[in-house]
Amino acid sequence: MAIIEPGHAAKQLIYERIFRSATFTAAILVLLILGGVAASLLRGAWPALSHFGFSFVTREIWNPVTDQFGALAPIYGTVVTSLIAMLLAVPAGFGIALFLTELCPPLLKRPIGVAVELLAAVPSIIFGIWGLFVLAPVLQRHVQPWLIGSLGNAPAIGRLFKGPPYGIGILTAGVVLAIMVLPFIAATMRDVFDTVPPMLKESGYGLGATTWEVIWNVVVPHSRAGIVGGVMLGLGRALGETMAVTFVIGNAHRISSSLLAPGTTISSAIANEFTEAVGDLYTSSLIALGLLLFLITFTVIALAQAMLRRLERRVGAAV
Amino acid sequence: MNRRMLRKFKNGAFLTLSLLATLTGLACLAALLWTLISHGLGGMSSRIFTQMTPPPGGQGGLLNALYGSAVMTLLGILIGSPIGVLAGTYLAEYGRSSRLSTAIRFINDVLLSAPSIIVGLFVYEVVVVRMGHFSAIAGALALAVLAIPVTLRTTEDMLNLVPVGMKDSSAALGAYPWRTTLSVLYPAARSGIVTGLLLAIARISGETAPLLFTALNNQFWSNNLNAPMANLPVVIFQFALSPYKDWQDLAWAGALIITVTILLLSISARVLLALLQMQRGS
């Protein structure tokens, strides 16, 4: 055995203090980053916010020449594209999660699960270039004319599908976003479904319920918080997604009643215009858009995390 | 139709829909990969790896962009991952269930899914405005901020998987926690932590939005960290939206390179994790 030198314990204690404070500093840094993001955005956005006041979020005008900026069109685009994405991705993600947990042959479970997760790893710029060169022409030629022909004449929702089929626009951006958030929603829901105790499901089957009845009456109620959490997490992604949307949105600062028309979103406006923005008010307005996006996504993601955490605690308590 | 038939029909209908949803998801991945391969291979040539990005209408490669991406991704990981690993260590070993740790865990999960363009704006405000110009170091810092949450999360999870007995044995031998962490916990969780690093590299190497107004772009080879630097994602963005056929071909080739790299990284992360689990199981 090694002989312990006289100063050994003291030295160890110093090392311990150093290591401990290094880890502590790193952990605090995470808090500082979030604080720094909020503070720097607020500072950058201040000139625009103080100049336009509350009307910044209620006006549609966006005119760099006359230095008039309002965020309504990007906010509208962000919300509507995300809503379209969720309308498409939530049922599809639910279906995939269901397939993976209840129907899939065990041999295929892993490969399909990995394939879905790989879709999540593809960077958003790839979805953008694919959306622009492959998806948009397909939608323009085959899907949008059909939408205009059928739904375009329907009462109430008809005006959503009027106008020429541009290919790029709000609808296309929504579809690309749907494909992008699909793996996140599917993977979260699958994990949540996996936490349902087999005993509960077996009891359902024992009573003679069909697979669908077990899913709808046992699995879904049991994992409600997790499902909502997964959906919100997907929504958070959709709201802040930048590159994929920038390619296919058309970058038009106006609110059109038709979903087929070009529009803009908060993130695509920043990506498109930031480096070309001249004048302090223009730059500051774009940063103010960033601040809005930060507030919206922060709220959505925080709510999602809170719900997923509640579920985790409950599962932890049940075991 | 009697009630029994109706129930069976409903069951069949929903299960078919769920199968269709899965097939649609897989078809999207297949279509994406197919487009990338068919377009990307067309633009692929030895010039890609030997020549600089060309001016409009000219011929050239992506050498400077590949180099810039590698430099900034590497720097981003070198800056970000130590912070992530140390913070993860704090959460797993020192802070465990304190109120501060709960808050940090929560904030980290928020940062994990926060829009990357926000991080770009943050670094622009803090670094680019101060320095007065775009620079590679600003780009690397933006990527580092994105790498922290990924490494933090995996490090904490992996350290928590190390059997308590190993930690206790080390403590029983008289080792201080720092010694236990460095000599027992890190080696035991090594492949898990490496998985986190791979995932972080995969995450940041395809990021475009945070580089748009930090590193910007550069048509030429640059070794200067204090100046704008070319990088693959921004070059793809710029070239794909251009009207020039040569540029678009280069964009597709770049897109193929980036996607293959990232998919390979994610797959090796998964393989590593599977090996780890097998080890645990035996």
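Remarks
- Residue in region A:19-40 that is more than 21 Å from A:Leu293 (Cβ to Cβ), more than 8 Å from chain B (Cβ to nearest Cβ) and outside any helix (DSSP H, G or I) present: no
- Restricting B:Ser135, B:Ser81 to residues that are hydroxyl-bearing (Ser, Thr, Tyr), touching a Leu at 6+ places or on another chain (Cβ under 7 Å), within 20 Å of B:Ala230 (Cβ to Cβ) and crowded, with 20+ Cβ neighbours inside 10 Å narrows the list to B:Ser135.
- Residue that is closer than 30 Å to A:His142 by Cα, touching a residue at least 60 places away in the same chain (Cβ under 8 Å), of a type in the set (Gly, Ala, Ser) and outside any loop (DSSP other than H, G, I, E, B), where the choices are A:Ala288, A:Ala225, A:Ala269, A:Ala304: A:Ala269
- Scanning region A:194-228 for residues that are buried (at least 17 other Cβ atoms within 10 Å of the Cβ) and of a type in the set (D, E, K, R) yields A:Lys201, A:Glu213.
- Residues that are more than 14 Å from chain B (Cβ to nearest Cβ) number at least 3 in the following helices (runs of 4 or more DSSP H) confined to region A:70-176: A:72-98, A:144-150.
- Considering B:Leu250, B:Leu182, B:Leu199, B:Leu265, the condition of being under 26 Å from B:Leu75 (Cα atoms) and either surrounded by 24 or more Cβ atoms within 10 Å (Cβ to Cβ) or touching a Cys at 6+ places or on another chain (Cβ under 7 Å) (or both) is satisfied by B:Leu250 alone.
- Looking only at region A:166-178, and only at residues there that are under 19 Å from A:Ile255 (Cβ atoms) and not aromatic (Phe, Trp, Tyr), the one that is farthest from the chain's Cα centre (by Cα): A:Ile168
- The set of residues in region A:229-254 being surrounded by fewer than 24 Cβ atoms within 10 Å (Cβ to Cβ), on the phi < 0 side of the Ramachandran plot and either modelled with pLDDT under 90 or among the hydroxyl-bearing types (Ser, Thr, Tyr) (or both) consists of A:Ala252, A:His253, A:Arg254.
- Candidate set from region B:120-150 (those that are at the interface with another protein chain (Cβ under 7 Å from one of its Cβ atoms) and in contact (Cβ under 8 Å) with a residue 40 or more places away in the chain); member that is farthest from A:Leu295 (Cα to Cα): B:Ile148
- Restricting region A:264-301 to residues that are out of contact with any helix residue (DSSP H, G or I) (no Cβ under 6 Å at 6 or more places or on another chain) and at the interface with chain B (Cβ under 9 Å from one of its Cβ atoms), the residue that is surrounded by the fewest Cβ atoms within 10 Å (Cβ to Cβ): A:Thr275
- Failed item, numbered, when A:Asp191 is tested on (1) in contact (Cβ under 8 Å) with a residue 60 or more places away in the chain; (2) among the acidic types (Asp, Glu); (3) within 14 Å of chain B (Cβ to nearest Cβ): (1)
- For region B:74-104, the tally of residues that are among the β-branched types (Val, Ile, Thr) and more than 12 Å from chain A (Cβ to nearest Cβ) stands at 1.
The values are calculated or read from the model by the stated rules, or taken from the named source; none is laboratory data. If you're wondering where the values come from, they're calculated on a predicted model, not measured in any experiment. Glycine also receives a Cβ, built like all others from the backbone with ideal geometry; neighbour counts cover every protein chain displayed.
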